[in-house]
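Data block below; observations after.
The values are calculated or read from the model by the stated rules, or taken from the named source; none is laboratory data. Computed from a predicted model, the values in this text were never measured in an experiment. Virtual Cβ from ideal backbone geometry, glycine too; neighbours counted across all protein chains shown. With ligands, DNA and RNA removed, areas are computed over all heavy atoms of the protein, side chains included. Shrake-Rupley method; radii C 1.70, N 1.55, O 1.52, S 1.80 Å.
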Amino acid sequence: MSGTGPGTQRREGIPLGSIAGVPVILAYSWFLIAALIVAVFGPQVQDAFPRLGNGAYAVALGYAILLLLSVLAHEAAHALTARAYRWPTSKIVLTLWGGHTQFGDFRSTPGRSLLVALAGPAANFLLAAAGFGILQLLPDGGVAELVTFIFVSANVLIGVFNVLPGLPLDGGRLVESAVWKLTGSQERGTVAAGWAGRIIAVLLLAAVIVPPYLRGVAPSLSLVLLAALLCGFLWMGAGAAVSNARVRLRLPQVSAGALMEPAVSLPGGTPVSQALRLAREHPSATLVITAATGQPEALVDRGALASVPADQAELVPVSAAARPLAAGAYVPEAAAGSELVQYLAQLQGSEYAVIDRDGTVTGLLRQAAVVAAVTGKPARPGR
């Protein structure tokens, strides 16, 4: 499977080197699936070839490693195809459920996105074809024939499974690209492909559970558990794709000017008495204190302002009843979309003064309002 998004800095597993400059990491979770393969496949090999004894488990481990190489070939095909289009490819991670290739931020087209996605399954079909050719040369009934047959079957299964038309599977890019081409919006394509992935997850689970009951028998518990885990993984991946796409759809409508609260500015040396008059004239506005350079530097605390004794109101500066803004915590009124979100992510604090083209304070932007607009969830009271 292929994926997009910035890489994390935490250690995910064991570095295995790189392919065409793309780091390859073996996640610790892979050892769980390797142990499961050895535990399940080992006794079967032992039954088929009693003379091997405990060596049957070494054969099972060899199969796990061949499967790992098949997944690596799948992900390498994604990475190399992406490199041909000069997509920033940060890493390949081999995991419990297979693997994923992680890309940085880039612009693409429906056609290129589809080709990069389908390169992975194509690599597995080529491996299956090569394995089938080798299979014809091997003597019947041997260990080599058994392992090669399973290798061929596994690559066919990986290829077919990944071309199913729903995210997070590679075939989901087919749905995404088609809707993207029709609507001009990759995000709408991703939402459609994510829902297709959810449908596939439900259908796969039903395919394991329903047929046995129709025949009047109970389905295999181990098979149901494995299917439930796999379908749960697909459901979560599809849900994450839908959620991320909806966030991207909302981003263009997220702007400082639209989300700001009213605010008026005043110099830090202004007496409390004048600030009180300004507060009465603008009851719903935040009072923003500006430095001598005109830059916003603090917010007036109305409670602290009202607590200043009346006989001191002409003498005490309004800055005495204020809390400071974080350094550089002001944004242009026109700032919007991902540019706004990325900029705010670099700032400390959760409140930002909004300024117009002339540098005049026009409002106050709260982090909670931006988060609510991006996620589509209402801001919590008091935030």
Problem set entry | Criterion: open to solvent by 60 Å² or more (accessible area, probe 1.4 Å) and part of a helix (DSSP H, G or I) - qualifying residue of 146, 127, 137, 174 | 174
Seminar exercise, completed: Taking region 198-251 and the residues there that are in a helix (DSSP H, G or I) and among the polar types (S, T, N, Q), the one that is nearest to the chain's Cα centre (by Cα) would be 244
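Each row is one residue, and each column tells you yes or no for (1) over 21 Å from residue 171 (Cα atoms); (2) open to solvent by 50 Å² or more (accessible area, probe 1.4 Å); (3) modelled with pLDDT under 90; (4) among the acidic types (Asp, Glu).
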{"position": "34", "(1), (2), (3), (4)": "yes, no, no, no"}
{"position": "41", "(1), (2), (3), (4)": "yes, no, yes, no"}
{"position": "55", "(1), (2), (3), (4)": "yes, no, no, no"}
{"position": "58", "(1), (2), (3), (4)": "yes, yes, no, no"}
{"position": "64", "(1), (2), (3), (4)": "yes, no, no, no"}
{"position": "81", "(1), (2), (3), (4)": "no, no, no, no"}
Exercise. Consider residue 22 against the criteria (1) farther than 26 Å from residue 131 by Cα; (2) at pLDDT 90 or above; (3) loosely packed, with under 13 Cβ neighbours inside 10 Å: it satisfies all of them except one. Which criterion is unmet?
Worked result: (3)
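From the list 299, 287, which one is within 41 Å of the chain's Cα centre (by Cα), outside any loop (DSSP other than H, G, I, E, B) and touching a residue at least 60 places away in the same chain (Cβ under 8 Å)? Even if it seems obvious, please write down each step before you answer.
Working: 287 fails: touching a residue at least 60 places away in the same chain (Cβ under 8 Å).
Just a single option satisfies the conditions, and that option is 299.
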For this session: Within region 149-171, work out how many residues are assigned to a helix (DSSP H, G or I) and open to solvent by 40 Å² or more (accessible area, probe 1.4 Å).
Result: 6
Seminar exercise, completed: If we ask which residues in region 252-284 are open to solvent by less than 70 Å² (accessible area, probe 1.4 Å) and in a helix (DSSP H, G or I), their number turns out to be 9
For this session: Looking only at region 334-350, decide whether some residue is among the charged types (D, E, K, R) and either in contact with a strand residue (DSSP E or B) (Cβ under 8 Å, 6 or more places away or on another chain) or surrounded by 20 or more Cβ atoms within 10 Å (Cβ to Cβ) (or both).
Result: no
Exercise. Taking residue 366, is it touching a helix residue (DSSP H, G or I) at 6+ places or on another chain (Cβ under 9 Å), among the basic types (Lys, Arg) and without any contact (Cβ under 8 Å) to a residue 40 or more places away in the chain?
Worked result: no
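Give region 44-62 a look and list any residue that's under 21 Å from residue 157 (Cβ atoms) and either free of Cβ contacts under 8 Å to residues at least 40 places away in the same chain or under 31 Å from the mean Cα position of the chain (by Cα) (or both), or say none. Before you say what the answer is, go through the steps one by one.
Filtering region 44-62 for residues under 21 Å from residue 157 (Cβ atoms) gives 44-45, 48, 59-62.
Of everything in region 44-62, those that are under 21 Å from residue 157 (Cβ atoms) and either free of Cβ contacts under 8 Å to residues at least 40 places away in the same chain or under 31 Å from the mean Cα position of the chain (by Cα) (or both) turn out to be 44, 60, 61.
Can you give me the ranges of the strands (runs of 3 or more DSSP E) entirely in region 319-383 with at least 2 residues that are farther than 16 Å from residue 260 by Cα?
On the way: elements: 322-324, 330-332, 351-355, 361-366.
Correct list: 322-324.
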